[in-house]
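The values are calculated or read from the model by the stated rules, or taken from the named source; none is laboratory data. Quantities reported herein were computed from a predicted structural model and do not represent experimental measurements. FYI the Cβ positions are ideal-geometry reconstructions off the backbone, even for glycines, and counts take in every protein chain you see. In case anyone asks, the SASA skips ligands and DNA or RNA and just uses the protein heavy atoms, side chains included. Shrake-Rupley method; radii C 1.70, N 1.55, O 1.52, S 1.80 Å.
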Amino acid sequence: FPVQYVTSPLHEQDRPVGAVVVFQDISARKQQESLQQAQLSVSHILAQVGTVEAAIPQLLQVVGTMGPWDMALLWQRERVGDTLTCQGSWVRPSHRWGEFLSVCRNSEFPPGMDFLGIACSSKLPLWIPDVLTDSRFTRAPTAARLGMHAACIGPIRTGHVIHGAFELYSGTVQPTDSHLIQILADTGMKIGQFIDRTQTGEALRATHSMTQSLLASLPGAIFLCGRSL
């Protein structure tokens, strides 16, 4: 674990005879610095891409390293209906969790079903210290075979609108970390705001294109007049 130390010399009759060395565990400070850097990385990634789909691989790697996670999944809400589908994944190279990933890619979750549906219905992050002891987890048989335990689900949202969710898993039981939950919730809102902006931009471009096509198809001329004209 990381430490910092302070050395104070001991003198006897103006002659150095030893020293006192005080060590301090700075694990919490290093973790905080790492989380802050991860948040900056999320902002940088979103600033470099035009759509959230293009950012998914990088985002999942950054979010996956925000804490003790071994797998990160990104789920998006279908534009028609409220079901959630898996759109991307990140897994530590040391973990062979392909079977669980395959289950997720072939699953859809409506509001209220499984941890994903519960978190998205409540619009609040959800932390489960051990998924194998929670009857709400529909994918427990596969998770049990692979040795999966802790999970955290962070909704991706703008206000009360849910765009999707992050789903994070660890191979060990993890006690609830309220600070990390808040970091993940803030990250979900940041990505939700990005999705909201891109969807608004797409809608404006579609409206402009439709207006231009409509004007080009008219046989006559159109004049826009105000009181000063």
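A few remarks follow.
- Within the range 77-102, the set of residues being within 14 Å of Glu167 (Cα to Cα) and either out of contact with any Asp or Glu (no Cβ under 9 Å at 6 or more places or on another chain) or open to solvent by 70 Å² or more (accessible area, probe 1.4 Å) (or both) comprises Arg77, Gln87, Ser89, Trp90, Phe100, Leu101.
- Across the range 156-173, the number of residues qualifying as open to solvent by 30 Å² or more (accessible area, probe 1.4 Å) and at pLDDT below 95 comes to 5.
- Cβ-Cβ distances below 6 Å connect the following pairs, each with a first residue in the range 104-116 that is more than 16 Å from Pro141 (Cβ to Cβ), a second residue that is open to solvent by 50 Å² or more (accessible area, probe 1.4 Å), and a separation of six or more residues or different chains: Pro111/Asp82; Pro111/Ser121; Gly112/Ser121.
- Identity of the residue in the range 175-200, of a type in the set (Asp, Glu) and in a helix (DSSP H, G or I), that ends up nearest to the chain's Cα centre (by Cα): Asp186
- Figure legend. Inter-residue proximity from the range 206-229: first residues at pLDDT 70 or above, second residues part of a helix (DSSP H, G or I) and surrounded by 10 or more Cβ atoms within 10 Å (Cβ to Cβ), beta-carbon distance below 8 Å, spacing 6+ or different chains. Indicated pairs: Ile222/Leu215.
- Restricting the range 108-137 to residues that are in contact with a strand residue (DSSP E or B) (Cβ under 6 Å, 6 or more places away or on another chain) and open to solvent by 50 Å² or more (accessible area, probe 1.4 Å), the residue that is farthest from Thr187 (Cα to Cα): Glu108
- Any hit, the range 138-155, residues being buried (at least 20 other Cβ atoms within 10 Å of the Cβ) and touching a Lys or Arg at 6+ places or on another chain (Cβ under 6 Å): yes
- Filtered residues of the range 26-59 (kept if touching a strand residue (DSSP E or B) at 6+ places or on another chain (Cβ under 9 Å), open to solvent by less than 50 Å² (accessible area, probe 1.4 Å) and more than 17 Å from Asp186 (Cβ to Cβ)): Ile26, Ser27, Ile56
- Of all the listed residues (Leu60, Leu46, Leu10), the sole one being farther than 25 Å from Glu167 by Cβ and among the aliphatic types (A, V, I, L, M) is Leu10.
- Taken over the range 47-85, the criterion of being of a type in the set (Lys, Arg) and either in contact (Cβ under 8 Å) with a residue 40 or more places away in the chain or not in a loop (DSSP other than H, G, I, E, B) (or both) is satisfied by Arg77 alone.
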